[in-house]
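Student: Sharing a structure with you now.
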Amino acid sequence: MDFTGKNTVVTGAGRGIGAALARVFHDRGANVVLADLAGAEDTAASFASERAVGITADVSTEAGNKALVEAAADAFGPIDLFFANAGVGSGSTLDLTPEDVWEAAFDVNVHAHRWAAKLLVPGWLERGDGYFCSTASAAGLLLQIGSAPYTMTKRAAVSFAEWMSVTYGDAGIKVTCLCPQGVNTDMLHAGDNEVSGADVVKAAGAVLEPEDVAQQVADAIEAEQFFVLPHSEVANYMKMKASEPERWLGGMRKLQRHVLGN
Ligand SMILES: NC(=O)c1ccc[n+]([C@@H]2O[C@H](COP(=O)([O-])OP(=O)(O)OC[C@H]3O[C@@H](n4cnc5c(N)ncnc54)[C@H](O)[C@@H]3O)[C@@H](O)[C@H]2O)c1
């Protein structure tokens with residue numbers, strides 16, 4: 001897809017990966033709506049461009065997604081590309097994760113994706129064109145040591161993206177799914193975050209800058225490529241997981257002992 005003149009929406013774009021995605025899409029010629037619980041207006045204003053608009057939005061409910069899709073369409077016209085990037089990293093083990101944290105993880109990391117798609121797909125099918133993108137995680141392909149909610153919700157996000165691609169690909173809808181390991185954002189460094197804690201991620205591989213990840217994502221969208229794996233070793237881990245599952249599980253337990261010291 002050529003970004004020039006395309007109407008794009010990025011959730012979780014007040015900061016981090018989402019802000020970097022919005023910046024790159026804008027710089028490649030798109031109109032961008034940045035959506036977030038907070039900070040979207042300021043980040044959009046920093047672009048100093050009529051092609052960038054910030055909207056305060058909460059995507060953890062169906063109503064929040066509907067309000068966002070309507071406001072984004074009011075800003076620039078029908079949405080060409082929607083990037084469900086907002087995510088939460090809270091939650092850990094079965095005994096330490098309260099029910100409301102499980103619910104928030106599923107609402108933002110999974111249900112938000114399908115609520116947005118449910119609103120957008122009918123129009124895209126009519127036009128025979130549309131682009132759905134999501135930020136899942138390498139945790140959705142492999143797993144997240146220390147966090148059941150993050151592992152489960154990111155796996156579900158990957159599955160939903162795959163389902164979208166298979167179900168609507170022949171009707172002109174494109175899908176891209178971003179699955180990074182460590183990226184240098186607030187989520188990675190959040191002190192109370194067992195999910196993407198810096199120790200786990202540093203032990204697993206390199207920590208990339210959001211701007212570099214965003215350039216790879218934009219290249220993948222231009223090439224209409226499904227997976228974006230900014231950490232290339234993830235593809236090798238997936239191969240090992242499929243061909244030698246016992247060895248892969250053993251390796252993950254070893255990494256867990258190393259990281260958590262148990
Ligand atoms: N940083 C990493 O190492 C890493 C690795 C793999 C995947 N990810 C994923 O990347 C995505 C972006 O995260 P990030 O690393 O930029 O972290 P971040 O915490 O900087 O950004 C996440 C953004 O999502 C927003 N958000 C959360 N709940 C929301 C809601 N209900 N409505 C609207 N916005 C909401 C937050 O306000 C925040 O601005 C997430 O889906 C995350 O799970 C991050």
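Student: Length gain on complete extension for the stretch residue 125 to residue 163, per 0.36 nm per residue less the alpha carbon to alpha carbon distance? Walk me through the intermediate numbers first.
Tutor: Values: separation 38, 0.36 × 38 = 13.68 nm, distance 1.55 nm.
Full extension from residue 125 to residue 163 adds 12.1 nm.
Student: OK, next. Two decimals, Cα atoms only, Kirkwood Rh: what is Rg/Rh over the chain? Mind showing how you got there, number by number?
Tutor: Working: Rg = 17.8 Å, Rh = 18.5 Å.
Looking at the chain, the ratio lands at 0.96.
Student: In degrees from 0 to 90, rounded to the nearest 10, what is the angle of the helix 233-243 Cα long axis to the longest principal axis of the chain?
Tutor: With rounding to tens, the tilt is 60 degrees.
Student: For residue 189 and residue 171, calculate 0.36 nm times their separation in residues minus their Cα-Cα distance, and state this gained length in nm to one decimal.
Tutor: Details: separation 18, 0.36 × 18 = 6.48 nm, distance 4.07 nm.
Length difference between fully extended and current span is 2.4 nm.
Student: Moving on. Taking Cα pairs under 8 Å and at least six residues apart, what relative contact order does the chain come out at, in percent?
Tutor: Working: 514 pairs, mean separation 45.1, N = 262.
Reported as a whole number, the value is 17 percent.
Student: Given the range 7-232, what count of lysine pairs have C-alpha atoms under 22 Å apart, with each pair 8 or more places apart or on different chains? Intermediate values should be presented prior to the final figure.
Tutor: Working: 66/118; 66/174; 118/154; 118/174; 154/174; 154/202.
Close lysine pairs under the 22 Å cut-off: 6.
Student: Taking the chain as a Gaussian network, Cα atoms linked when under 10 Å apart, which of 238, 152, 164 shows the biggest mean-square fluctuation?
Tutor: Top of the fluctuation ranking is 238.
Student: Karplus couplings for the range 41-54 from phi (6.51 cos²θ - 1.76 cosθ + 1.60, θ = phi - 60°), rounded to Hz, Gly and Pro as x?
Tutor: 5, 5, 5, 4, 4, 5, 6, 6, 8, 5, 8, 10, 10, x
Student: Using DSSP to define loop residues, name the GluC sites (Glu not before Pro) in the range 1-88 whose beta-carbon has at most 14 other beta-carbon atoms within 10 Å.
Tutor: Working: sites: 41, 50, 62, 70; in loops: 50.
Of the GluC sites (Glu not before Pro), the ones in loops of the range 1-88 whose Cβ has at most 14 other Cβ atoms within 10 Å are 50.
Student: By how many degrees, between 0 and 90 and to the nearest 10, does the Cα long axis of helix 62-76 differ from the longest principal axis of the chain?
Tutor: 40 degrees
Student: If you line up the long axis of helix 16-27 against the longest principal axis of the chain, both from Cα atoms, how many degrees apart are they, to the nearest 10?
Tutor: With both axes taken from Cα atoms, the answer is about 40 degrees.
Student: A further question follows. Okay, which of the range 10-36 sit inside 15 Å, backbone N to the point 7 Å along the Cα-Cβ direction of residue 2?
Tutor: Taking a point 7 Å out along Cα→Cβ of residue 2, the residues of the range 10-36 whose backbone N falls under 15 Å are 28-31.
Student: Which cross-chain or sequence-distant (5 or more) residues have an amide H under 5 Å from the amide H of residue 52, H modelled 1.01 Å from N in plane?
Tutor: Result for residue 52 returns 32.
Student: Starting from 0.36 nm per residue, how many nanometres of slack lie between residue 244 and residue 95 once their C-alpha separation is accounted for?
Tutor: Numbers: separation 149, 0.36 × 149 = 53.64 nm, distance 3.02 nm.
That works out to 50.6 nm of additional length.
Student: Starting from the Kirkwood radius over alpha-carbon pairs of the range 1-103, derive D by Stokes-Einstein at 10 °C in a medium of 1.306 mPa s and give it in µm² s⁻¹. Walk me through the numbers before you get to the answer.
Tutor: On the way: Rh = 14.0 Å.
Using the Kirkwood radius from Cα pairs, D works out to 113 µm²/s.
Read the figures in this text as sums done on the coordinates, not as results from a lab. Worth saying up front: this structure is predicted, and the values here are computed from it rather than measured. Positions of Cβ are backbone-derived with ideal geometry, glycine not excepted, and every protein chain shown enters the neighbour counts.
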